[in-house]
Amino acid sequence: MSTPQTLYEKIWNAHVVEQRDDGTCLIFIDRHLVHEVTSPQAFEGLRAAGRRVRRPDLTLAVPDHNLPTTARLDSHGQPIPIADPESAQQLEALERNAPEFGIKYINATDAKQGIVHVVGPEQGFSLPGTTIVCGDSHTACHGGLGALAFGIGTSEVEHVLATQTLQLTRSKSMEVRVEGELRAGVSAKDVVLHITGVLGAAGGSGHVIEYTGSVIRALSVEGRLTISNMAIEHGARAGLVAPDDTTFAYIKGRPMAPSGANWDAAVAYWRTLATDPGATYDKVVSIDAADIAPSVTWGTSPEDVLPITGIVPDPSAFADPSKQEAARKSLDYMGLTPGTRMTDIEVQNIFIGSCTNSRIEDLRAAAEILKGRKKAANVKWAIVVPGSGLVKQQAEDEGLDRIFTDAGFEWREPGCSACLGMNPDKVPAGERCASTSNRNFVGRQGPGARTHLVSPAMAAAAAVAGKLTDVRALAN
Amino acid sequence: MKAISRVEGRAYPVGLKNIDTDVIIPAVWLKTISRAGLGKGAFESLRAVPGNVFDDPEYAGAPILIAGDNFGCGSSREHAAWAMADLGISAVIAPSFSDIFSGNAFKNGLLAIVLPQAAIDRLMEVARTYDIHIDLETQTVTTPFQDRFEFEIDPFRKHCLINGVDEIGLTLKSSDAISVYEAKLSADRPWLAPNPV
């Protein structure tokens with residue numbers, strides 16, 4: 001009998017083209033997503049070296065980071081020019097490079113356009129058991145489908161374009177097992193924030209994490225994508241959730257997914273991928289679902305997580321001296337005083353969106369809280385940015401857009417938006433934002449912006465209360 | 001990639017842990033289609049603080065930076081490595097790096113050297129007044145005070161750095177092996193070919 005293998009080992013072994021004596025492997029890449037920010041220099045490199053794209057059929061290009069989320073067509077149906085000349089130049093570069101190298105390109109006014117990590121799964125481009133890369137660290141997201149997916153730099157983007165492979169060494173493996181039953185008001189986002197708090201921002205460094213346990217199994221694919229999306233926030237380059245019937249039901253019928261006899265063959269293969277009984281991980285972390293509350297961040301690292309019922313920590317309470325210093329700097333930047341109750345922190349901005357939380361289930365969860373309610377007067381800016389044009393359409397079909405606009409939110413066009421503020425959507429300096437995105441770094445949502453990471457339902461609750469709030473007090 | 005085997009000179013004693021890629025180069029600087037000129041935006045938020053090490057004449061032109069745990073965490077932006085190189089930095093020494101940053105650094109001939117926290121503490125002290133020497137051949141970091149710290153590096157990466165290897169050119173030598181793999185894939189998993197949309 002063969003040695004029991006983990007899901008990660010199975011995917012890795014199925015993609016080794018060559019292995020060198022020092023252990024470095026040439027790994028085949030099944031899917032490559034390309035966006036406008038990390039690709040121009042890669043295409044320029046190919047051009048300079050006279051190289052072509054080896055497998056344009058395995059490559060999909062979508063603009064997302066720079067796009068304004070305001071209307072894209074004027075009243076005559078003509079595209080509205082991008083005001084920022086640098087953003088326009090970068091978007092034009094992708095629009096030019098994709099056809100020049102024979103790559104499928106989804107343009108900004110196509111209903112299929114959206115954030116790469118929403119578009120890939122939605123189109124059936126991202127599949128279980130595949131290797132997926134993109135010049136974006138949240139590529140880990142696609143691991144929610146059981147794909148080995150990870151972010152790469154621009155040199156690697158160029159390498160994949162030219163060779164459809166990467167030179168890689170095998171990572172260590174970690175199991176993060178979440179068992180039990182989630183408490184009321186606790187979503188996938190709270191689970192992954194909690195995991196990040198437990199592991200720390202570097203806890204998963206050098207590892208690929210497989211998320212297992214009854215909590216993960218019970219999650220929808222949207223929830224699993226949310227969890228795997230933030231693997232990078234606890235240091236793991238990739239996250240994985242074993243594909244199962246929930247996964248297959250999600251993928252079936254999507255435009256680029258296998259169909260007919262190919263579908264049956266694909267599912268048969270995907271069923272072989274789950275970690276074998278007796279396979280071992282380099283590290284195992286167990287988490288009890290009962291310990292997870294609706295969560296929120298207080299600092300400038302995603303590891304700075306507290307239950308919403310918590311209080312701003314005293315930096316001197318941390319054992320690690322470098323963490324003490326980091327916490328002091330964080331609190332100074334965040335304008336917070338130790339001992340303050342999290343529920344006493346006022347917010348002026350609400351952002352519902354990003355590759356972490358912009359899928360239909362996320363919008364439903366936020367709308368559920370907002371139904372029949374309005375944002376508080378002190379909340380100056382509240383926007384919903386659907387993850388794709390198709391998510392937007394579906395939400396409109398369900399009447400969710402009306403719930404948001406009635407509550408005082410702006411209903412926007414899809415893109416990365418205020419997650420990183422490359423487009424005009426920024427949080428003003430010194431103001432706070434309850435944000436469903438993935439990073440609370442200094443300046444992430446705009447220079448001087450103060451970010452509190454939360455779930456979609458918690459963002460909606462904060463909008464209603466005008467301050468960070470326990471969603472359980474508002475649940476309909 | 002330009003070859004690199006030695007780095008010597010002053011080092012910015014930064015020391016902080018979890019220096020993320022938004023700190024190294026904020027997103028507003030990513031709207032470029034070139035690799036050049038990003039040094040202007042490097043460490044923008046740290047440089048906004050009066051008396052910061054980057055604007056201290058004591059460290060002007062320092063080719064080394066010393067940091068705390070998990071340097072380069074966050075985004076995959078290679079702009080972080082480009083910005084540091086543009087600032088004149090050729091090596092970073094830290095107790096740990098994010099996986100993506102360390103790969104990006106390597107692709108740009110920027111040394112990402114891992115040393116234990118005790119060595120970092122000592123180097124932070126020396127860096128305030130003296131030069132630090134890094135030798136990739138012998139895998140050592142030394143100071144004028146007989147400090148000698150050995151570091152580990154992947155042999156393949158070491159070879160590429162010292163010889164300035166073009167990694168794409170190297171992989172293209174395996175084109176036939178890739179073709180063989182692709183043919184086997186088409187036979188074994190024909191459903192992997194995406195339906196055109």
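A few notes on this one:
- Taken over the range A:92-107, the criterion of being open to solvent by less than 30 Å² (accessible area, probe 1.4 Å) and within 24 Å of A:Gln78 (Cβ to Cβ) is satisfied by A:Ala93, A:Leu94, A:Asn97, A:Ala98, A:Ile106.
- Residue count for the range A:360-389 under the criterion of being in contact with a helix residue (DSSP H, G or I) (Cβ under 6 Å, 6 or more places away or on another chain) and not in a loop (DSSP other than H, G, I, E, B): the result is 12.
- Residue match in the range B:22-38 (condition: buried (at least 18 other Cβ atoms within 10 Å of the Cβ) and touching a strand residue (DSSP E or B) at 6+ places or on another chain (Cβ under 8 Å)): no
- If the condition is being crowded, with 23+ Cβ neighbours inside 10 Å and within 14 Å of chain B (Cβ to nearest Cβ), then the range A:383-420 contributes A:Ser388, A:Gly415, A:Cys416, A:Ser417, A:Ala418, A:Cys419, A:Leu420.
- If the condition is being closer than 22 Å to A:Gly180 by Cα, outside any helix (DSSP H, G or I) and of a type in the set (A, V, I, L, M, F, W, C), then the range A:245-292 contributes A:Ala274, A:Val284, A:Val285, A:Ile287, A:Ile292.
Listed here are the residues, each with its yes/no results for (1) within 14 Å of chain A (Cβ to nearest Cβ); (2) of a type outside the set (Val, Ile, Thr); (3) over 17 Å from the mean Cα position of the chain (by Cα).
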{"position": "B:Val28", "(1), (2), (3)": "yes, no, yes"}
{"position": "B:Ser34", "(1), (2), (3)": "yes, yes, yes"}
{"position": "B:Val49", "(1), (2), (3)": "yes, no, yes"}
{"position": "B:Asp55", "(1), (2), (3)": "no, yes, yes"}
{"position": "B:Tyr59", "(1), (2), (3)": "no, yes, yes"}
{"position": "B:Gly68", "(1), (2), (3)": "yes, yes, no"}
{"position": "B:Gly72", "(1), (2), (3)": "yes, yes, no"}
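- Selection of the range A:300-320 for residues being of a type outside the set (Val, Ile, Thr) and under 10 Å from A:Leu331 (Cβ atoms) yields A:Asp304, A:Pro313, A:Asp314, A:Pro315.
- As a summary of the residue check, B:Cys160 satisfies the conditions (1) surrounded by 14 or more Cβ atoms within 10 Å (Cβ to Cβ); (2) within 16 Å of the chain's Cα centre (by Cα); (3) more than 10 Å from chain A (Cβ to nearest Cβ) except for the one numbered (3).
- The selection criterion, being aliphatic (A, V, I, L, M), touching a Cys at 6+ places or on another chain (Cβ under 9 Å) and without any contact (Cβ under 8 Å) to a residue 40 or more places away in the chain, holds for A:Ala202.
Table: residues versus (1) within 26 Å of A:Tyr211 (Cβ to Cβ); (2) of a type in the set (Asp, Glu); (3) open to solvent by 30 Å² or more (accessible area, probe 1.4 Å); (4) not assigned by TED's automatic domain parsing to the domain that holds A:Ser126.
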residue: A:Asn13; (1), (2), (3), (4): yes, no, yes, no
residue: A:Arg20; (1), (2), (3), (4): no, no, yes, no
residue: A:His32; (1), (2), (3), (4): yes, no, no, no
residue: A:Arg55; (1), (2), (3), (4): no, no, yes, no
residue: A:Thr59; (1), (2), (3), (4): no, no, no, no
residue: A:Ala71; (1), (2), (3), (4): no, no, yes, no
residue: A:Ala83; (1), (2), (3), (4): no, no, yes, no
residue: A:Gln89; (1), (2), (3), (4): no, no, yes, no
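- Taking the listed residues B:Ile168, B:Ile134, the one that is open to solvent by less than 30 Å² (accessible area, probe 1.4 Å) and within 10 Å of another protein chain (Cβ to nearest Cβ) is B:Ile168, with no other qualifying.
- In summary, helices (runs of 4 or more DSSP H) completely within the range A:152-244 and bearing 1 or more residues that are in contact with a Phe, Trp or Tyr (Cβ under 9 Å, 6 or more places away or on another chain) and open to solvent by 10 Å² or more (accessible area, probe 1.4 Å) occur at A:154-163, A:221-229.
- Residue tally, condition within 25 Å of A:Arg72 (Cβ to Cβ), under 22 Å from the mean Cα position of the chain (by Cα) and without any contact (Cβ under 8 Å) to a residue 40 or more places away in the chain, over the range A:405-443: 4
- Residue check, B:Ser45 in a helix (DSSP H, G or I), open to solvent by 10 Å² or more (accessible area, probe 1.4 Å), at pLDDT below 95 and within 14 Å of another protein chain (Cβ to nearest Cβ): yes
- For the range A:283-321, residues that are of a type in the set (D, E, K, R), under 25 Å from A:Ala460 (Cβ atoms) and open to solvent by 10 Å² or more (accessible area, probe 1.4 Å) total 2.
- Here B:Ser175 passes the criteria (1) farther than 24 Å from A:Gly120 by Cβ; (2) polar (S, T, N, Q); (3) more than 8 Å from chain A (Cβ to nearest Cβ) except the one numbered (3).
- Contact annotation: residue pairs with Cβ atoms under 8 Å, 6 or more positions apart or on different chains, pairing a residue in the range A:126-138 that is at the interface with another protein chain (Cβ under 10 Å from one of its Cβ atoms) and over 25 Å from B:Asn104 (Cα atoms) with a partner that is open to solvent by 10 Å² or more (accessible area, probe 1.4 Å) and among the basic types (Lys, Arg), are A:Gly129/A:Lys10.
- Matching residues, the range A:451-465, being within 14 Å of another protein chain (Cβ to nearest Cβ) and either surrounded by fewer than 24 Cβ atoms within 10 Å (Cβ to Cβ) or closer than 19 Å to A:Ile292 by Cβ (or both): A:Leu453
- Which numbered condition B:Phe71 fails, given (1) open to solvent by less than 10 Å² (accessible area, probe 1.4 Å); (2) under 25 Å from B:Ile168 (Cα atoms): (2)
- Subset of the range A:334-354 [out of contact with any strand residue (DSSP E or B) (no Cβ under 7 Å at 6 or more places or on another chain) and either within 11 Å of chain B (Cβ to nearest Cβ) or open to solvent by 10 Å² or more (accessible area, probe 1.4 Å) (or both)]: A:Leu336, A:Thr337, A:Pro338
- Odd one out for A:Asn438, checked against (1) part of a loop (DSSP other than H, G, I, E, B); (2) open to solvent by 10 Å² or more (accessible area, probe 1.4 Å): (2)
- Single residue of the range A:245-282 satisfying the filter (more than 14 Å from chain B (Cβ to nearest Cβ) and hydrophobic (A, V, I, L, M, F, W, C)) that is surrounded by the fewest Cβ atoms within 10 Å (Cβ to Cβ): A:Ala249
The values are calculated or read from the model by the stated rules, or taken from the named source; none is laboratory data. Model, not experiment: these values are computed from the prediction. Cβ coordinates were reconstructed from backbone atoms using ideal geometry, including for glycine residues, and neighbour counts include every protein chain displayed. Surface accessibility is based on the protein's heavy atoms, side chains included, excluding ligands, DNA and RNA. Shrake-Rupley method; radii C 1.70, N 1.55, O 1.52, S 1.80 Å.
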